[in-house]
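These notes are about the structure you will find just below.
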Amino acid sequence: MTTSLPAWHTLREHANTLRGTHMRDWFDGEHGQARAERYVAQACGLTLDYAKNRITDETLALLFALATQAQVGERRDAMFAGEPVNTTERRAALHIALRAYPEDGYRALGVPVGDDVAAVLAQMERFAGAVRSGTWTGFDGRAITDVVNIGIGGSDLGPRMVCRALADPQVTGPRMHFVANVDGNDLARTLATLDAATTLVILCSKTFTTLETMANACTARDWFLHQGVTQVGLARHFVAVSTNREAVVEFGIDPANMFPFWDWVGGRFSLWSAVGLSIAVAIGFERFRQLLDGARAMDLHFAGAPPEQNLPLILGLLDVWYRSFLGTGSRCVAPYCEPLALLPAFLQQLEMESNGKSVRLDGGALDAGSAAVVWGTTGTNGQHAYFQMMHQGSQLVPVDFIATLEPVSNLPGHHTKLLANCFAQGEALLRGRTADEVRAEGVSDETLVPHLVFEGNRPSNTLLMQRLDPFHLGALLALSEHRTFVQGALWQINSFDQWGVELGKKLAAPIQRELEGAATDSAAAHDASTAALIRRAQAVCGAAAG
Ligand code: F6P
């Protein structure tokens with residue numbers, strides 16, 4: 001197991017030797033210059049500055065040794081070879097094949113997948129083009145003006161985030177809407193703004209059994225009928241993205257209007273598959289292909305770049321360094337780029353659903369901290385909300401700053417202000433401010449001095465994208481996927497299952513029946529607290545029903 005590897009032991013001891021050192025001292029004079037130049041890696045139009053981390057050359061060497069001893073490279077190769085790396089479900093995890101070219105020759109469990117992937121991409125291209133050009137019409141012949149993606153988790157977060165990131169107000173295309181929550185407010189608010197005759201629904205669900213998605217799908221179908229769309233005409237307003245053909249047909253969708261994908265695509269890794277149909281409709285297929293190309297470029301980088309240049313490897317190692325050796329509990333993601341506002345939520349599922357595990361691949365207990373809490377919002381907004389805690393709070397929170405070198409907005413004067421703030425936050429977290437510096441700035445009230453001191457020594461990465469476009473976003477997202485994979489490989493866990501979401505789903509079904517009036521023996525079936533909650537809700541649900 002990883003924690004018994006020699007490098008793991010040495011890293012534990014090494015972490016102790018770094019206590020009491022301050023990163024500020026590593027930036028003095030020539031050393032600092034060399035450090036700033038050495039701790040930079042670039043690939044696919046992304047530049048990672050990781051100099052502001054609590055690491056030395058020795059730390060890095062030990063981390064790379066850990067990667068070798070934990071066989072991260074071998075695990076990556078097994079994933080790329082389509083082996084059943086998702087051991088509990090006996091599946092490959094071959095999302096890289098979704099952005100590959102057929103000639104790349106990927107196989108899932110030995111079966112070639114390139115032709116299937118290409119066929120679905122061609123189907124998506126035709127459909128996205130038809131919707132965007134107005135040749136795919138609603139039941140009364142009018143062009144589609146609005147598209148609603150109904151899905152949740154991986155069938156929502158990726159497409160929603162990418163559409164937000166890349167939507168170009170100048171480009172004509174239908175308006176995109178995303179509905180995920182089973183809370184009726186989500187669907188009702190969206191539908192209230194729409195004309196059924198010009199609205200298309202993409203039902204997006206890998207399993208086509210997910211409670212939230214199926215409830216919203218049924219309600220949406222009723223709404224269309226209520227709005228005057230004919231039963232036959234519904235076929236112009238519903239398409240499906242799924243691996244479950246039978247359930248799609250049972251719902252009443254013509255298989256010709258189904259966009260398939262495969263069990264070797266995990267939900268949180270699926271935006272590159274037909275799950276990205278809403279992206280292709282929103283930004284056009286050509287730009288969707290550029291997104292895939294950026295991801296493919298990052299795949300090739302991950303597979304081939306040497307360790308000291310390998311972005312996913314470096315970031316995954318740093319994550320494990322902080323979580324398992326320095327004991328941090330969370331990581332903040334701060335995109336200084338408003339279109340990337342939904343990136344933290346996407347990364348939350350990617351990392352926490354993948355690596356929020358405490359059992360190793362071999363079934364033993366993992367005796368090290370796994371998945372950190374991933375959270376954050378855009379800068380500069382976060383600076384005026386929670387950055388106080390990161391500067392002066394009692395917890396160490398590593399930060400990922402993400403920014404674009406070229407401006408996304410063309411309003412004059414804004415981009416330099418944005419970047420200046422991004423860089424200043426990293427500098428302030430690193431450097432801090434000593435009591436003497438406070439006094440030198442003219443503060444003579446000694447009671448105030450401790451409040452104005454910043455400890456500093458707080459780590460951050462700065463990831464610069466050349467510009468926000470489909471290619472660079474694709475590269476950034478694939479980097480995040482592979483970084484997550486590296487974390488999981490180091491912890492020796494299965495990053496591709498999610499059994500932890502099952503129990504709550506299972507327990508919800510009988511509670512729902514009880515809330516809907518079924519005979520209950522809740523005192524026996526539930527703990528006393530849950531039973532009391534159910535009784536309270538029953539009183540109101542019963543009243544509402546009456
Ligand atoms: O409940 C978790 C989960 O299974 C995620 O892993 C998945 O992305 C999401 O639900 C949605 O699942 P589906 O695409 O099958 O509706």
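The values are calculated or read from the model by the stated rules, or taken from the named source; none is laboratory data. Since this is a predicted model, take the numbers as computed values, not measurements. So basically every Cβ, Gly included, is an ideal-geometry build from the backbone, and we count neighbours across all protein chains shown. For the accessible areas, the whole protein counts, side chains as well, though only heavy atoms, and no ligand, DNA or RNA atoms are used. Shrake-Rupley method; radii C 1.70, N 1.55, O 1.52, S 1.80 Å.
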Only one residue in G153, G141 is on the phi > 0 side of the Ramachandran plot and either of a type in the set (A, V, I, L, M, F, W, C) or within 16 Å of the ligand (Cβ to nearest atom) (or both), so which one is that? G153
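Residue by residue, here is whether (1) of a type outside the set (A, V, I, L, M, F, W, C); (2) closer than 30 Å to H95 by Cα holds:
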| position | (1), (2) |
| --- | --- |
| T190 | yes, no |
| M214 | no, yes |
| F224 | no, no |
| V249 | no, yes |
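Could you tell me whether any residue of the stretch 338-352 is part of a helix (DSSP H, G or I) and farther than 21 Å from H482 by Cβ?
Checked against the condition, which is being part of a helix (DSSP H, G or I) and farther than 21 Å from H482 by Cβ, the stretch 338-352 yields at least one hit.
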Residues of the stretch 228-243 satisfying the condition of being open to solvent by 20 Å² or more (accessible area, probe 1.4 Å) and in contact with a strand residue (DSSP E or B) (Cβ under 9 Å, 6 or more places away or on another chain): R236, T243
Within the stretch 458-506, work out how many residues are open to solvent by 50 Å² or more (accessible area, probe 1.4 Å) and among the aromatic types (F, W, Y). 2
When you scan the stretch 290-297, do you find a residue that is modelled with pLDDT of 95 or more, open to solvent by 20 Å² or more (accessible area, probe 1.4 Å), in a helix (DSSP H, G or I) and in contact with a Pro (Cβ under 7 Å, 6 or more places away or on another chain), even just one? yes
Can you tell me which residue within the stretch 176-211, out of those that are within 30 Å of D263 (Cα to Cα) and open to solvent by 60 Å² or more (accessible area, probe 1.4 Å), is farthest from the ligand (Cβ to nearest atom)? D183
Name the single residue that is most open to solvent (accessible area, probe 1.4 Å) among those in the stretch 419-457 being farther than 11 Å from Q392 by Cα and of a type in the set (V, I, T). T447
Here the residues within the stretch 220-254 that are more than 16 Å from the ligand (Cβ to nearest atom), closer than 22 Å to D186 by Cα and assigned to a helix (DSSP H, G or I) are R221, D222, W223, F224, L225, H226, L234
Given the stretch 434-509, what helices (runs of 4 or more DSSP H) lie entirely inside it while holding 2 or more residues that are farther than 30 Å from Q388 by Cβ and touching a helix residue (DSSP H, G or I) at 6+ places or on another chain (Cβ under 7 Å)? 470-491
Checking D49 against (1) under 23 Å from the mean Cα position of the chain (by Cα); (2) open to solvent by 40 Å² or more (accessible area, probe 1.4 Å); (3) not assigned by TED's automatic domain parsing to the domain that holds A475: exactly one of these is not met. Which one? (3)
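Taking D57 as the residue in question, decide whether it is at pLDDT below 95 and over 26 Å from the mean Cα position of the chain (by Cα).
No.
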